[in-house]
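The values are calculated or read from the model by the stated rules, or taken from the named source; none is laboratory data. Since the structure is predicted, the reported quantities are computational estimates derived from the model, not experimental observations. Counting neighbours? That spans all protein chains shown, and the Cβs are built from the backbone with ideal geometry, glycine included.
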């Protein structure tokens, strides 16, 4: 299964920026890249529209850190690069565009917290520019930790005035007064349909979405550092409704096809290079150690909250060594073949909670 991600028109957007008159001052005020010594990091920094998160090893001194940022051309930053600060609590960085009117405040945090093994999706916020939902966790110091990401950023390139609840991934009321994540397969646009991208399936995954204009499947970076024991299974609570008509990348009906959702987890070996899985992994990456995937017979439609429960299985020839470094990918999507732009508009997967379960000793 390929996870669904929707991204296109980025080239069109870049082309449009070249139409701006030379004499107009730049209005961009973004942090584009962030750096600290690589030996401090567990994984690449996570940069959102309002935050930068460094996931660091537990023995790092957070009281004296000097991160370096690459920002929008012609913008300025306060404080500037080279300033050492105490990051035992999150610190603000303000980026001001060339025109001086546009400013953006980033919250920069360092965290050595271990990855959670239980998520209830009760924390979600709207991005201040693209107006779609993003889920986060609360760290030990009260900071926001962005374990989860989705393909919403790609969909935003063609969303126009689409309200946040109509994006592929959104927040909705949960079953016990909190929130749940809603992943829905939606129509993109007539232009997109004409280029072989008629639908976008909702998704949510542990990791980071980073725009890749040349290969949409490379935009998803699945995986976060994992240091716990090997879990026995994945458990959670969900609802699912399949859309009525499955269509292919040409937006033609696939006669007799029935859409279904997918949920899976992969534990894989951490390497210094490419320490993540991308959307084209197809469960065949040689780093994989253990895989848990909901069986086809358990992907049932239900309009009441129901439980899913499926086991981890070791990859042939692999073993789990607690002294080694691993990553874990946890992925959910409303259309199992959405990455191939195949699915049914209206397919909707709601997940209220998900957790990694461990055998009692």
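Every residue, every condition in (1) more than 25 Å from the chain's Cα centre (by Cα); (2) in a loop (DSSP other than H, G, I, E, B); (3) over 24 Å from residue 188 (Cα atoms), yes or no:
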| site | (1), (2), (3) |
| --- | --- |
| 249 | no, yes, no |
| 256 | yes, yes, no |
| 259 | no, yes, no |
| 275 | no, yes, yes |
| 279 | no, yes, no |
| 290 | no, no, yes |
| 311 | no, no, yes |
| 318 | yes, yes, yes |
| 321 | yes, yes, yes |
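What are the residues in region 258-279 that are surrounded by fewer than 16 Cβ atoms within 10 Å (Cβ to Cβ) and either more than 27 Å from residue 221 (Cβ to Cβ) or in contact with a helix residue (DSSP H, G or I) (Cβ under 6 Å, 6 or more places away or on another chain) (or both), if any?
258, the sole residue that qualifies.
Could you check region 175-195 and list, in sequence order, the residues that are out of contact with any helix residue (DSSP H, G or I) (no Cβ under 9 Å at 6 or more places or on another chain) and at pLDDT 95 or above?
Of everything in region 175-195, those that are out of contact with any helix residue (DSSP H, G or I) (no Cβ under 9 Å at 6 or more places or on another chain) and at pLDDT 95 or above turn out to be 179, 180, 181, 183.
What do you reckon, is residue 77 surrounded by 12 or more Cβ atoms within 10 Å (Cβ to Cβ), within 30 Å of residue 132 (Cα to Cα), modelled with pLDDT under 95 and in contact with a strand residue (DSSP E or B) (Cβ under 9 Å, 6 or more places away or on another chain)?
Details: surrounded by 12 or more Cβ atoms within 10 Å (Cβ to Cβ): yes; within 30 Å of residue 132 (Cα to Cα): yes; modelled with pLDDT under 95: no; in contact with a strand residue (DSSP E or B) (Cβ under 9 Å, 6 or more places away or on another chain): yes.
So residue 77 does not fit the description; no.
What number of residues within region 331-348 are assigned to a strand (DSSP E or B), closer than 11 Å to residue 246 by Cβ and within 18 Å of the chain's Cα centre (by Cα)? Spell out how you get there, then give the answer.
Here is the first cut: in region 331-348, the ones assigned to a strand (DSSP E or B) are 331-333, 343-344, 348.
Subset that is closer than 11 Å to residue 246 by Cβ: 343-344.
In the following step, the residues that additionally are within 18 Å of the chain's Cα centre (by Cα) were identified as none.
Summing the residues that are assigned to a strand (DSSP E or B), closer than 11 Å to residue 246 by Cβ and within 18 Å of the chain's Cα centre (by Cα) in region 331-348 gives 0.
Can you go through 146, 226, 187, 155 and tell me which one is loosely packed, with under 15 Cβ neighbours inside 10 Å and touching a strand residue (DSSP E or B) at 6+ places or on another chain (Cβ under 7 Å)?
So the residue among 146, 226, 187, 155 that is loosely packed, with under 15 Cβ neighbours inside 10 Å and touching a strand residue (DSSP E or B) at 6+ places or on another chain (Cβ under 7 Å) is 187.
Residues 107, 115: which one is in contact with a strand residue (DSSP E or B) (Cβ under 7 Å, 6 or more places away or on another chain) and either surrounded by fewer than 17 Cβ atoms within 10 Å (Cβ to Cβ) or assigned to a strand (DSSP E or B) (or both)?
Sole residue among the options that is in contact with a strand residue (DSSP E or B) (Cβ under 7 Å, 6 or more places away or on another chain) and either surrounded by fewer than 17 Cβ atoms within 10 Å (Cβ to Cβ) or assigned to a strand (DSSP E or B) (or both): 107.
Scan region 211-243 for residues that are touching a helix residue (DSSP H, G or I) at 6+ places or on another chain (Cβ under 8 Å), within 17 Å of residue 168 (Cβ to Cβ) and outside any helix (DSSP H, G or I) and report the count.
1
Could you check region 295-328 and list, in sequence order, the residues that are touching a residue at least 60 places away in the same chain (Cβ under 8 Å) and closer than 23 Å to residue 347 by Cα?
Selection gives 300, 301, 302, 303, 304, 305, 306, 307, 308, 309, 310.
Looking at region 126-143, which of its residues are part of a strand (DSSP E or B) and either surrounded by fewer than 16 Cβ atoms within 10 Å (Cβ to Cβ) or in contact with a helix residue (DSSP H, G or I) (Cβ under 9 Å, 6 or more places away or on another chain) (or both)?
Scanning region 126-143 gives 126, 133, 134, 138.
Scan region 15-44 residue by residue and report those that are part of a loop (DSSP other than H, G, I, E, B), at pLDDT 90 or above and closer than 30 Å to residue 324 by Cα.
Across region 15-44, the qualifying residues are 36, 37.
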